[in-house]
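To start, the structure under review is shown below, and the notes come after it.
The values are calculated or read from the model by the stated rules, or taken from the named source; none is laboratory data. Predicted, not measured: the structure shown is a model, and the values here were computed from it. All Cβ positions, even for glycine, are placed from backbone atoms using ideal geometry, and neighbour counts span all protein chains on display. SASA here: full protein model, heavy atoms, side chains in, ligands and nucleic acids out. Shrake-Rupley method; radii C 1.70, N 1.55, O 1.52, S 1.80 Å.
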Amino acid sequence: MSRAVYVHSLGRTSLLAIGMAWLVFSGCGGGSSNPKPPMNPVLQSIAVSPQTTTVAAGLTQQFTASGNYSDGTSKALSSITWATSDTSLATVSTTGLVTAVKQGTVTVTATSAGISGSTPLTVGAPELKSISVSPQNEGVTAEVSQQFTATGTYSDGSSGAVPGVNWMTDDATVATVSVTGLVTTLKEGSVTVIASAGGARGTATLIVGPSLQSLSFSANRTLKVGATHPKGVVVADFNGDGKPDIAVSLFDTNSIAVFLNQGTGTFGTPIMTAVVDQLTLKLTHGEHMTAVVVTHDMTSAFRIATRMIMLGRGSIVAQGTPDEIRNSPNPEVQQFINGEADGPVPLNLSQDEHKDHQLVRPRPFLSARFHFHHKRP
């Protein structure tokens, strides 16, 4: 902006100085504006990773999200809202940890400042985590078969049959196993049955006893064992192989003989209770097992028990160590362990039966029960 300057009493030099000052001040006070501050980068898109992944049902997968900005930069996002398209198939935490629930396909989405990014996730079949083999610590004789089964525990917490199981034993001279888990015993010993699949492995121990010699059995004949006299006969499946076996109680020896069904119309040679007792002691000591046995045979009970419980009329009559039971002041206990016909428990015997009972005292056949177990050594 220009204007006139009047100078009355100054000379040329003063006028020039004023003009120069005016020009200087005019230049310094020009109308140029200040520069604008730089703009913050704007979030334009979100990338979710990992991209297109598969997770087995029951397992987890961590997802992350990074933001792409208007200035060409990208960085991790601190404030994100996570979601899945179907929570029945997969869920996601506030930190992006996805838990696969069941098979299917879902979308995992991350949202921040109104911008979203997503990626597909496939939930696959649950993974096999472990295998259990049954039966455990089974005891059989040589030259018989025993079916084993493998049950898998999976990553989603379920359990069930295991497809494609590989079966083997650690000693094929004692027992072999088929592709279906059927074990055939060959000789006496101990063998480990192994099932494996998908990186998982399970085992079971099989104890093989000596072979039984066969004994033909005909119906409608008197069954005797040696020179002893049978008191009673019970038919039941004593070894759990689905075949009816025979147990015979013997007057002369106060013992029980068990004939195991061979499945061919014959029964094995009798297994006496003393043999069974020795087998029980061998298993409990050698395999560190605890046995719980129900018996009426007091000779057998005192032979192997470390603790005994006597039941009667729906309640516990007595309990304790074998010595405590043997010395119990309870007359019912004494009547039972001594096989006496006379006592507080009426037996309702005829005169002849009463006489025979006094002579023989078949202790295994009184109406009471003893439970006993063997402690771990």
For the range 146-178: of the residues being touching a residue at least 40 places away in the same chain (Cβ under 8 Å) and in contact with an Asp or Glu (Cβ under 9 Å, 6 or more places away or on another chain), which is most open to solvent (accessible area, probe 1.4 Å)?
Asp156
Within the range 318-348, how many residues turn out to be modelled with pLDDT under 80 and among the charged types (D, E, K, R)?
2
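Of all residues being within 26 Å of Thr105 (Cα to Cα) and over 38 Å from the mean Cα position of the chain (by Cα) in the range 59-75, which is most open to solvent (accessible area, probe 1.4 Å)? Just the residue, please.
Start the filter on the range 59-75 by keeping residues that are within 26 Å of Thr105 (Cα to Cα), which leaves 59-67.
Remaining after also requiring over 38 Å from the mean Cα position of the chain (by Cα): 66-67.
Numbers: Ser66: 42, Gly67: 0 Å².
In this case the residue turns out to be Ser66.
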Would you confirm whether or not the range 212-221 contains a residue that is at pLDDT 70 or above, more than 18 Å from Ser145 (Cβ to Cβ) and either open to solvent by less than 40 Å² (accessible area, probe 1.4 Å) or not in a loop (DSSP other than H, G, I, E, B) (or both)?
no
Consider Ala197 carefully, then state whether it is more than 20 Å from Gln146 (Cβ to Cβ), under 31 Å from the mean Cα position of the chain (by Cα) and at pLDDT 75 or above.
yes
Mind checking which residues of the range 100-112 are surrounded by fewer than 17 Cβ atoms within 10 Å (Cβ to Cβ) and within 20 Å of Gly124 (Cβ to Cβ)?
Lys102, Gln103, Gly104, Thr105, Thr107
Every listed condition ((1) more than 30 Å from Thr266 (Cβ to Cβ); (2) open to solvent by less than 60 Å² (accessible area, probe 1.4 Å)) holds for Ser132 save (2)
Sort out which residues of the range 301-319 are surrounded by 15 or more Cβ atoms within 10 Å (Cβ to Cβ) and without any contact (Cβ under 8 Å) to a residue 60 or more places away in the chain, and write them in order of number.
Phe302, Arg303, Gly312, Val317, Ala318, Gln319
Can Val140 be described as open to solvent by less than 60 Å² (accessible area, probe 1.4 Å) and free of Cβ contacts under 8 Å to residues at least 24 places away in the same chain?
no
Residues of the range 255-271 satisfying the condition of being open to solvent by less than 30 Å² (accessible area, probe 1.4 Å) and either more than 22 Å from Ala142 (Cβ to Cβ) or at pLDDT below 70 (or both):
Ser255, Phe267, Gly268
